[in-house]
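Here is the structure we will look at, set down as structure tokens.
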Amino acid sequence: MRAVVVTDSHLAPDAHAFNRNWGAVREFTEAAHADLTVHLGDFTFDGFRDASQFRHVKAISASWPTPIRYLPGNHDIGDDPPAPGVVAKEPLDLARLGDFRAAFGPDYWTFEAEGWRVVGLNAQLAGTDTAEEAEQQAWLAGQLAGSRRMPALLLLHKRLFEDSPGDETPHYRYVPAKPRHRLLELLSGVELRAVISGHTHQYRDRVVDAVRHVWVPSTAFYLPDEVQDRVGEKVTGLGVLDLAPDRLRFHLVCPEGVLRYNLLDHL
């Protein structure tokens with residue numbers, strides 16, 4: 001199975017440059033003969049405040065050459081708190097989560113492909129102490145119970161951590177420490193091979209504790225160093241994921257036509 005993995009496309013009716021990049025992503029996806037497209041979130045520029053941007057995403061993606069599975073990001077439904085007692089700048093909006101589900105389907109999901117268990121999670125629920133967070137955790141426990149002998153791949157909007165699973169410093173970029181530890185404990189019972197995430201608009205690919213962690217860059221823009229510290233490569237592009245029995249191949253692609261826009265030039 002071949003999947004094109006995209007993230008942080010930030011589409012909106014007046015986001016003309018980012019919409020053009022999305023058109024180039026579509027052309028690449030068709031030429032790549034992909035079976036599936038996975039969007040890791042922040043597909044809108046500001047769907048959190050303007051749910052009509054969901055309709056724009058549906059319209060601009062109507063002729064997509066593959067099925068698309070979506071996960072929500074902070075620009076789509078709001079954000080999780082970085083730590084207990086720390087309020088997110090734009091807290092998760094459960095009404096907007098409902099809008100997401102109505103437009104794009106489940107905000108977390110799983111499927112089997114080529115002997116792999118592929119799990120997509122809603123990272124924006126982490127640490128919110130909502131019924132929705134508890135439901136996702138219970139659902140995941142049930143799904144993983146049948147995957148003990150199957151290699152697993154995790155997909156989500158936010159990265160699990162920067163350097164180590166033991167990182168404790170709160171940061172809006174990462175899954176908060178307490179729910180991260182709960183998630184990793186659940187995953188300890190399966191053969192987790194890779195975690196693929198977005199959110200940071202930078203590319204990074206490394207192995208930590210025998211698990212490959214890939215950070216996928218935005219298809220829309222990068223943030224210059226004066227407004228965002230550099231923790232990876234500031235490129236624009238996407239990932240191509242090939243799954244075969246007991247084998248995973250992921251590589252970064254910066255397709256022709258996906259231009260490297262500076263956000264400050266497009267506010």
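Coordinate-derived values only; no laboratory data. From a predicted model like this one, the values you see are computed outputs, not experimental measurements. Glycine also receives a Cβ, built like all others from the backbone with ideal geometry; neighbour counts cover every protein chain displayed.
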Please give, to one decimal in nm, the separation of the simple spin-label points placed at LEU94 and ALA138, each 7 Å out from Cα toward the Cβ.
1.4 nm
Treat each spin label as a single point 7 Å out from the Cα along the C-beta direction, and report the ALA83 to GLU226 distance in nm.
3.0 nm
Taking 0.36 nm per residue of separation and subtracting the Cα-Cα distance, what length does fully extending THR130 through ARG49 add?
27.1 nm
Rank ALA88, ALA15, LEU154 by how far each Cα sits towards the positive end of the charge dipole of the chain (+1 on Lys, Arg Cβ; -1 on Asp, Glu Cβ) and give me just the farthest.
LEU154
With +1 on the Cβ of every Lys and Arg and -1 on the Cβ of every Asp and Glu, the dipole magnitude of the range 1-148 about its Cα centre, in debye rounded to the nearest 20, is 380 debye
Can you tell me which of 69-79, 179-189, 124-134 comes out highest on packing, and rank the rest after it, using the mean Cβ neighbours within 10 Å?
69-79, 124-134, 179-189
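If I take R0 = 22 Å and measure r between the Cβ atoms of LEU259 and TYR172 in this structure, what FRET efficiency does the formula 1/(1 + (r/R0)^6) give, to the nearest 0.05?
Once rounded, the FRET efficiency stands at 0.25.
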Rounded to the nearest 5, the percent of DSSP beta bridges in the chain running antiparallel is 45 percent
Kirkwood hydrodynamic radius (C-alpha pairs) into Stokes-Einstein, the range 60-194, 10 °C and 1.306 mPa s, D in µm²/s
101 µm²/s
Helical contribution to [θ] at 222 nm, DSSP H n ≥ 4, -39,500 (n - 2.57), averaged over the chain, rounded to 500
-7500 deg cm²/dmol
Given that just one value was derived from the coordinates, which of (1) 1.11; (2) 1.04; (3) 0.93 is Cα Rg over 2.2 N^0.38 Å?
(3)
Can you list the residues of the range 76-102 with backbone N under 17 Å from a point 7 Å past the Cα of LEU186, pointing along Cα to Cβ?
80-81
